[in-house]
């Protein structure tokens, strides 16, 4: 396991970005269930809301991933 000079496997910033990415990933999965529930009750406006939220979280997850890659390569942004 590599260390960064502070005897940590990863920096606090890397950990923070990984945690955000994990939360976004879990949310993306949950939106599928939420859309199914809304669809089963015939609430198209809620289906559309969950889809919109899912798309926003997907874009945010991609941005976080890009930041994480840069931080892991350079040690900072």
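The values are calculated or read from the model by the stated rules, or taken from the named source; none is laboratory data. Please read all numbers here as calculations on a predicted model, not as lab measurements. Note that each Cβ is placed from the backbone with ideal geometry, even for glycine, and that neighbours are counted across all protein chains shown.
Brief remarks on what is shown
- Cross-chain or 6+ apart pairs with Cβ under 6 Å, the range 36-62 first and over 15 Å from residue 21 (Cβ atoms), then loosely packed, with under 15 Cβ neighbours inside 10 Å: 47/39
- Scope the range 34-77; condition at pLDDT 95 or above, in a loop (DSSP other than H, G, I, E, B) and either touching a helix residue (DSSP H, G or I) at 6+ places or on another chain (Cβ under 9 Å) or surrounded by 16 or more Cβ atoms within 10 Å (Cβ to Cβ) (or both); matching residues: 43
- A residue that is outside any helix (DSSP H, G or I) and touching a residue at least 40 places away in the same chain (Cβ under 8 Å) can be found somewhere in the range 11-23.
- Some residue of the range 24-33 being touching a helix residue (DSSP H, G or I) at 6+ places or on another chain (Cβ under 6 Å), within 24 Å of residue 76 (Cβ to Cβ), at pLDDT 95 or above and surrounded by 13 or more Cβ atoms within 10 Å (Cβ to Cβ): yes
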